[in-house]
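Student: Once you've had a glance at the structure underneath, I'll fire off some questions.
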Amino acid sequence: MPDLTTDSLSGIGMTSQRTRDRMVERLRTQGIQNASVLRIMAATPRHLFVDEALATRAYEDTALPIGFGQTLSQPYVVARMTELLLEAGMPTSVLEIGTGSGYQAAVLAQLVPRVYTVERIGALAQRARRLLDGVGFRNIQFKLDDGHMGWLEQGPYEAILLTAAPGEIPESLLQQLTPGGRLLAPVGAGERQHLVMVTREGNIFVHRTLDAVSFVPMRAGHEA
Ligand code: SAH
């Protein structure tokens with residue numbers, strides 16, 4: 001596990017530990033209860049995952065642009081999805097679809113033993129990998145690909161998290177869940193999306209519809 005609290009990473013002023021602590025206090029009042037999730041979000045320097053010009057806004061309760069028309073979700077949504085994904089117990093591995101800035105992967109990688117993350121835009125995948133490798137994560141594996149197909153070779157997974165919204169959950173992702181495994185995804189076209197939690201019980205997939213959310217759409221294909 002990398003030490004993200006060193007002086008060079010932890011930030012000053014609007015990117016300091018105090019600012020992260022205030023963010024976590026807000027998450028608590030917004031209803032996030034999982035102590036491990038709160039502890040990790042307090043320890044993760046979110047400002048490193050956005051452009052320097054946006055660093056002072058990294059701990060606001062807002063989504064931020066990360067280039068290529070993509071966004072890093074607001075802290076509450078990251079916390080909520082992480083909490084939901086872990087509510088039934090700690091998975092040994094998680095597959096994330098939509099690496100983006102790498103922030104969600106960094107949060108997960110401090111909670112679960114192995115994280116696999118797939119991104120369709122080469123420049124984003126590369127930037128996230130450089131950042132996360134650079135600060136010392138050794139338990140995240142990256143892949144540039146269309147996440148609709150998941151990552152078959154590394155599966156099956158006890159947990160799968162989508163951070164881009166498909167119109168419908170791709171069947172091949174459901175097939176990469178272990179028995180008892182769970183998949184959490186924003187589902188729906190346009191602005192009208194809901195978080196959907198799917199639990200695999202044998203070969204039956206139980207769907208539960210949760211919060212209304214707004215994510216960038218999941219797109220087909222991948223680009224260097
Ligand atoms: N989890 C990210 C959020 C990034 S936004 C973070 O913490 O920053 C969603 C990301 O999903 C974008 O980077 C987008 O390029 C990616 N994406 C969209 N469709 C995809 C697909 N089919 N396969 C893999 N990634 C996809």
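Student: So, LEU183, is that one buried (at least 22 other Cβ atoms within 10 Å of the Cβ), touching a strand residue (DSSP E or B) at 6+ places or on another chain (Cβ under 9 Å) and within 17 Å of THR117 (Cα to Cα) or not?
Tutor: Yes; evaluated as a whole, the condition is true for this residue.
Student: Going through GLY100, GLY136 one at a time, which residue ends up being under 15 Å from the mean Cα position of the chain (by Cα) and at positive phi?
Tutor: Residue meeting the stated conditions: GLY100.
Student: List every residue pair whose Cβ atoms sit under 9 Å apart, with the two residues 6 or more apart in sequence or on different chains, where the first one lies in the range 102-124 and is closer than 13 Å to LEU86 by Cα and assigned to a loop (DSSP other than H, G, I, E, B) and the second, anywhere, is near the ligand (Cβ under 7 Å from one of its atoms) and open to solvent by 10 Å² or more (accessible area, probe 1.4 Å).
Tutor: none
Student: Only residues that are within 22 Å of GLY136 (Cβ to Cβ) and either exposed (fewer than 13 other Cβ atoms within 10 Å of the Cβ) or of a type in the set (A, V, I, L, M) (or both): list them for the range 6-37, please.
Tutor: THR6, ASP7, SER8, LEU9, ILE12, VAL37
Student: Taking ALA79 and the conditions (1) farther than 25 Å from LEU183 by Cα; (2) open to solvent by less than 10 Å² (accessible area, probe 1.4 Å); (3) under 17 Å from the mean Cα position of the chain (by Cα), which numbered condition does it fall short on, given that it satisfies the others?
Tutor: (1)
Student: Exactly one condition in (1) in a loop (DSSP other than H, G, I, E, B); (2) over 14 Å from ALA79 (Cβ atoms); (3) within 19 Å of the chain's Cα centre (by Cα) is false for HIS47; which is it?
Tutor: (1)
Student: Please pick out the residue among GLY202, GLY155 that is at positive phi, of a type in the set (Gly, Ala, Ser), out of contact with any helix residue (DSSP H, G or I) (no Cβ under 9 Å at 6 or more places or on another chain) and surrounded by fewer than 20 Cβ atoms within 10 Å (Cβ to Cβ).
Tutor: When all the criteria are applied, what remains is GLY202.
Student: Identify the single condition in (1) more than 17 Å from ARG20 (Cβ to Cβ); (2) among the aliphatic types (A, V, I, L, M); (3) more than 11 Å from the ligand (Cβ to nearest atom); (4) assigned to a helix (DSSP H, G or I) that MET90 does not satisfy, given that it satisfies every other one.
Tutor: (4)
Student: Further question: Cβ-Cβ under 6 Å, sequence separation 6+ or interchain: first residue in the range 204-216 and hydroxyl-bearing (Ser, Thr, Tyr), partner open to solvent by less than 40 Å² (accessible area, probe 1.4 Å). Which pairs?
Tutor: THR209/VAL196
Student: Restricting to strands (runs of 3 or more DSSP E) lying wholly in the range 157-219: which have 3 or more residues that are within 16 Å of the ligand (Cβ to nearest atom)?
Tutor: Here the list reads 157-162, 177-187.
The values are calculated or read from the model by the stated rules, or taken from the named source; none is laboratory data. Note that this is a predicted model, so its numbers are computed, not measured. Don't worry about glycine lacking a Cβ; one is built from the backbone with ideal geometry, like all the others, and counts go over all protein chains shown. For accessibility, only protein heavy atoms count, side chains too; no ligands or nucleic acids. Shrake-Rupley method; radii C 1.70, N 1.55, O 1.52, S 1.80 Å.
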